[in-house]
Amino acid sequence: MGFAETRISAVESARAGVSAERARYLAGQYACDDAAFVDALAAMAGESGRGWWEEYRGLVPLGYLELAELEYHAVHLRTFQSVSIPGLLQTEAQVRALFAAAVPKLPEEELDLRVRFRLWRQEFLTGEHGTRYDVVIHEAALRIRAADSKLAREQLLHLLDGSELPQVTVRVVPFDADGFAGLCYPMLYARGPVPQLDTVLMDTPHGGALVDAEAQLSRYRGLLNKVEGAALGVVESRELIHRLAHDM
């Protein structure tokens, strides 16, 4: 391959990238003849190291960078959240309150960095990409307060504003939904430019876990389909969020 072992190790651990030309060369060496897949890999390799998130490398956890890059390259995002509002639709006050509750407590400088990083991620929704973003939120997440009722109400109104973006849909699974047991896995399904680049990000107590094996992806697609089947329609969901905001 023309790589030293140390270089291969750096690439495999995401400490170094490869050029588009090198990606095509490697695909040839691995006898990969799927042109669409190779083109997608080459396009990603050509952009490696140029994303806005690179400015934060070494400043925020690596998982944050991986999430931003995953969102950037996705052509369709599907997410389900059971206890929190999706990060792309959080207010700045909500973001700050959530990070301020971290254990152990974050130093103020690090807290500010993480808040700024999440707000930068949100530019993704209003930028040039226009990637389709389908959100399902359990009613519990709408009722949990990161701070007080004022912040909670502002967050719900902000969520309603976000749901009006042309590429965004927001649906709610109400407490009284039938047949919902066992479906409360917070997850993000990122559909890549080709099926081989589909990835699921699972929330865990120890950070995000990335899943890309087809058998697992198929399972999570099925779970998301069941979650969406239990959710209210777009209009009914907006009405529920309005009522909750009014009651705050």
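The values are calculated or read from the model by the stated rules, or taken from the named source; none is laboratory data. This is a predicted model, so every value here is computed, not measured. So basically every Cβ, Gly included, is an ideal-geometry build from the backbone, and we count neighbours across all protein chains shown. Side chains included, ligands, DNA and RNA excluded: accessible areas come from the protein's heavy atoms. Shrake-Rupley method; radii C 1.70, N 1.55, O 1.52, S 1.80 Å.
With springs connecting C-alpha atoms under 10 Å apart, model the chain as a Gaussian network and identify which of GLY192, GLY127, GLY63 has the largest mean-square fluctuation.
It is GLY127.
Could you work out what % of the accessible surface of the chain is carbon and sulfur, using a 1.4 angstrom probe and leaving DNA, RNA and ligands out of the count?
Answer for the chain: carbon and sulfur cover 53 percent of the accessible area.
Could you check the spin-label model distance between MET202 and ASP161? Points 7 Å from the Cα along Cα→Cβ, value in nm.
3.5
May I ask you to rank TYR133, TYR64 by accessible area, largest first, using a 1.4 Å probe over the protein chains only?
On the way: TYR133 10, TYR64 55 Å².
Output order, biggest surface exposure first: TYR64, TYR133.
Rounded to the nearest 0.05, what FRET efficiency do ASP33 and TRP120 give with R0 = 45 Å and r taken as the Cβ-Cβ distance? Could you check?
Numbers: r = 38 Å, r/R0 = 0.85.
It comes to 0.75.
Specify the angular offset, from 0 to 90 degrees and rounded to the nearest 10, of the alpha carbon long axis of helix 214-230 from the longest principal axis of the alpha carbons in the chain.
Compared with the principal axis, the helix lies near 20 degrees.
For VAL172, enumerate residues with amide H under 5 Å from its amide H, sequence gap 5+ or separate chain, H modeled in the peptide plane.
The list, which skips near neighbours in sequence, is ILE137, LEU232, SER237.
If you rank ARG121, ARG50 by how much accessible surface each has, with a 1.4 Å probe, what is the order from largest down?
In descending accessible area the options line up as ARG50, ARG121.
Identify the residues of the stretch 30-64 with backbone N under 18 Å of a label point that sits 7 angstrom from the Cα of VAL194 along the Cα-to-Cβ direction, or state none.
What the label zone holds, given the 18 Å backbone N cut-off, is 30-48.
By accessible area of protein heavy atoms, probe 1.4 Å, what ranking do PHE117, PHE175 get, highest first? Provide the component values of the computation, followed by the final result.
Working: PHE117 5, PHE175 120 Å².
So the residues, ranked largest to smallest area, are PHE175, PHE117.
Please compute the length gained on full extension between ARG22 and GLU214, using 0.36 nm multiplied by the number of residues separating them and subtracting their Cα-Cα distance.
In short, 66.5 nm is gained.
Compute the helix-to-body angle for 62-73: its Cα long axis versus the longest principal axis of the chain, expressed 0 to 90° and rounded to tens.
For 62-73 against the chain, the angle is about 90 degrees.
Rolling a 1.4 angstrom probe over the protein chains, ignoring ligands and nucleic acids, what is the accessible area of THR204 in square angstrom, nearest 10?
It works out to around 60 Å².
So if each residue of separation counts as 0.36 nm, and I subtract the Cα-Cα distance between LEU106 and TYR185, what length gain in nm does that give?
The span from LEU106 to TYR185 would gain 25.8 nm if fully extended.
On a 0 to 90 degree scale, rounded to 10, what angle separates helix 108-126 from the longest Cα axis of the chain?
Its long axis makes an angle of about 90 degrees.
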